[in-house]
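The structure under discussion appears below in the form of structure tokens.
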Amino acid sequence: MLKIRIISALIFGPLILGMVYLGGIFYTLLLLTIANLGIYEYDNLLNSRGYNTPHFLNHLAVNLFLIVFYLELHVFMFPMMLIILFAYFIYILINVDNKSYFDAAVSIFGVLYLSPLLGFLLILRMQPEGMIYLYCLLGGVWMHDTLAYFIGTKWGSHKFAPSISPNKSVEGSLAGIVGTILVFPLAAIFYPQLLSINPVEAVILGLGIAVFAQFGDLLESTFKRQIEVKDTSGFIPGHGGILDRFDSLIITAPFVYYFFYLVKMI
């Protein structure tokens, strides 16, 4: 399993970094792929528990959100949200005898969970130093997850949130937090031309990424525990599904965006 996990990381890691580097339509297509695979997983998991989510409407919604972000048509965001909401209302009325209200409710949550958060990954790249911001986000989350996994597997003996995720340990979680906090001040000191923030700001960045990464991971673990599955799918061998791998990233993206927004403004 570890070998497969490493091979997948060596394949998908450079691919993602390359798309971030290219930016533009290439990076946008990557996010659209992630969004569609993510909502596909979400629908399948809910349908396995007796829901009947409107697949086409869910896919249409996540795609429209990201396209509006990409085209920077922010003035249309609120009207589009209303149109999508009314589309779900129509779905409820058409399928009135099939618990359509609950199907629509969980669908709207899934769309709002994926679309705006992935949108932050998109608008991060659109900033003048967006590539650096995204590399900070990816590097921080991957650092956190890698340390938490390996330290937790090797030395983890105290359970962390066992009712949510029995495999998580206090040791692994602390290793992820400490490692992520340390890496950014070191980068700010030794590579100031790449990361133009002071060491104190770098500590705040690392701490924020670590905290939000853990929160995203726990949120996804809670969802899987309620659905009673180990992984959201098998799209990424050794890692699980799209939602398994991008849970921390999409939750952390808004923090990174507003962190750099405030730092540059101040």
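All of the numbers you see were taken from the coordinates with simple rules; none came from a lab. Since the structure is predicted, the reported quantities are computational estimates derived from the model, not experimental observations. Cβ atoms come from the backbone with ideal geometry, glycine included; neighbour counts cover every protein chain shown.
General observations
- For the chain, the Cβ-based charge dipole about the Cα centre amounts to some 420 debye (Lys, Arg positive; Asp, Glu negative; other atoms uncharged).
- C-alpha long axis of helix 242-265 to longest principal axis of the chain, angle in °: 60
- Shape call, region 101-161: gyration tensor on alpha carbons, a/c limit 1.5: oblate
- One chain, two ends: Arg49 and Val96. Fully extended at 0.36 nm per residue, the span grows by 15.0 nm beyond their Cα-Cα distance.
- Note that region 210-221 has calculated 3J(HN,Hα) couplings of 4, 5, 5, 5, 5, 4, x, 5, 5, 4, 5, 5 Hz, one per residue in order, obtained from phi through the Karplus relation 6.51 cos²θ - 1.76 cosθ + 1.60 (θ = phi - 60°); glycine and proline are x.
- Structural descriptor for the chain: relative contact order 20 percent, calculated from alpha carbon pairs under 8 angstrom and at least 6 residues apart.
- Between the alpha-carbon centres of region 123-169 and region 14-63 there is a gap of 21 Å.
- Computed helical MRE - 222 nm, the chain, DSSP H runs ≥ 4 contributing -39500 (n - 2.57), nearest 500: -27000 deg cm²/dmol
- Under 30 Å from Lys99, Cα to Cα: lysines that are on another chain or at least 8 residues apart: Lys224, Lys230
- If R0 equals 30 Å, the separation of the Cβ atoms of Ile7 and Lys154 corresponds to a calculated FRET efficiency of about 0.90.
- Counting only the Cα atoms, region 1-148 fills a convex hull of 120 Å³ per residue.
- Paramagnetic reach from Val170 (point 7 Å along Cα→Cβ, amide N under 19 Å) across region 114-149: 148-149
- Over 35 Å [Cα-Cα, the chain], rounded percent: 18
- R0 of 25 Å, Cβ-Cβ distance Leu71-Leu219: FRET efficiency to nearest 0.05: 0.30
- For region 39-95, a Kirkwood hydrodynamic radius built from all Cα pairs, placed in the Stokes-Einstein relation at 25 °C and 0.890 mPa s, yields a translational diffusion coefficient of 197 µm²/s.
- Top positive-direction residue, dipole computed over the chain with Cβ charges, set Met81, Met143, Leu31: Met143
- Amide H partners (placed H, <5 Å) of Ser169, local residues excluded: Phe160
- Lysines with Cα under 16 Å of Lys159, excluding same-chain neighbours fewer than 8 positions away: Lys168
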